[in-house]
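Q: This is the structure I have questions about; it appears just below.
The values are calculated or read from the model by the stated rules, or taken from the named source; none is laboratory data. Remember, it's a predicted structure, so these values are computed and weren't measured experimentally. We place every Cβ from the backbone using ideal geometry, glycine too, and count neighbours over all the protein chains shown. Protein only, heavy atoms only, side chains kept; ligands, DNA and RNA dropped before computing areas. Shrake-Rupley method; radii C 1.70, N 1.55, O 1.52, S 1.80 Å.
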Amino acid sequence: MSVERFDAMLAVPAQCALGEGATWCSRTGRFYWTDIEGACLYRFDPSTGERTSWPMPERLATFALCADPQHLLLGLATRLAFFDLTTHEIRSIVEVEPGLPTRLNDGRCDRQGRFVFGTKYEGTG
């Protein structure tokens, strides 16, 4: 019996402080992720080797693909927002738990397209 061998290879040396949210967009053939602590969104296109990054105004904890592949739904630390990948415009939708010592944390879309997310306590004690 022979075992097929695959060697792993580093595609992008991003050096994120807290890289999460690895998401493949099958419509565009691109790979997205966030560096939460670095407040940055990344995209990698394996067909061209191009890496793009967008600094965010606050920590980006989670995100989701939208019906329009030129937009993402962002779960920033304090709010939900839409991000236009072409113009780089961030359009706020709603603040989440204003006045509380929390931030958005993990989130994903369910089968009906609803974005479900949690928050993380960041206060002391």
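Q: Along the charge dipole of segment 19-121, Cβ charges K/R +1 and D/E -1, which of SER53, PHE82, ALA64 sits furthest on the positive end?
A: Ranked along the dipole, the leading option is ALA64.
Q: Another one. Express the accessible area of segment 19-121 per residue in Å², computed with a 1.4 Å probe while the remaining protein chains stay in the model. Show your work: numbers first, answer last.
A: Details: 5570 Å² over 103 residues.
Ligands and nucleic acids excluded, the figure is 54 Å² per residue.
Q: About the Cα centre of segment 1-100, what is the dipole size in debye to 20, counting +1 per Lys and Arg Cβ and -1 per Asp and Glu Cβ, all else neutral?
A: The dipole magnitude comes to about 140 debye.
Q: Only Cα pairs within less than 10 Å get springs; with that Gaussian network setup on the chain, which residue of LEU65, LEU41, LEU18 has the largest fluctuation?
A: The residue with the greatest mean-square fluctuation here is LEU18.
Q: How charged is the neighbourhood of GLY75? Take every other residue with its Cβ under 15 Å from the Cβ of GLY75, and add Lys/Arg as +1 and Asp/Glu as -1.
A: Here the count lands on -2.
Q: Related question: With the Cα gyration tensor of segment 56-125 giving a ≥ b ≥ c as the square roots of its eigenvalues, does the rule (a/c under 1.5 for rounded; else a/b larger than b/c for prolate; else oblate) give rounded, prolate or oblate?
A: Working: a/c = 2.57, a/b = 1.54, b/c = 1.67.
In terms of gyration-tensor shape, oblate.
Q: OK, next. Taking the chain as a Gaussian network, Cα atoms linked when under 10 Å apart, which of PRO57, PRO13, PRO98 shows the biggest mean-square fluctuation?
A: PRO13
Q: For the chain, which whole-number percentage of the solvent-accessible area (1.4 Å probe, protein heavy atoms only) is attributable to carbon and sulfur atoms?
A: Ligands and nucleic acids excluded, carbon and sulfur give 53 percent.
Q: As an exercise, use a Förster radius of 35 Å and the Cβ-Cβ distance of ILE93 and GLN15 to find the FRET efficiency, rounded to the nearest 0.05.
A: Numbers: r = 31 Å, r/R0 = 0.88.
Computed FRET efficiency for ILE93 and GLN15 comes out at 0.70.
Q: Could you go through segment 80-85 in sequence order and give the Karplus-derived ³J(HN,Hα) for each residue, using 6.51 cos²θ - 1.76 cosθ + 1.60 with θ = phi - 60°, rounded to whole Hz, and x for Gly and Pro?
A: Once rounded to whole Hz, the list reads 9, 7, 9, 10, 8, 5.
Q: Treat the chain as a sphere of radius equal to its Kirkwood radius over Cα pairs and apply Stokes-Einstein at 4 °C in a medium of 1.567 mPa s; give the translational diffusion coefficient in µm²/s, rounded to a whole number.
A: Answer from the Stokes-Einstein relation: 82 µm²/s.
Q: Of the beta bridges DSSP finds with both residues in the chain, what % are antiparallel, to the nearest 5?
A: Expressed as a percentage, antiparallel bridges in the chain total about 100.
Q: Can you tell me which of GLY113, GLY75, GLY38 moves the most in a GNM of the chain? Springs connect C-alpha atoms under 10 Å apart.
A: So, out of GLY113, GLY75, GLY38, the one fluctuating most is GLY113.
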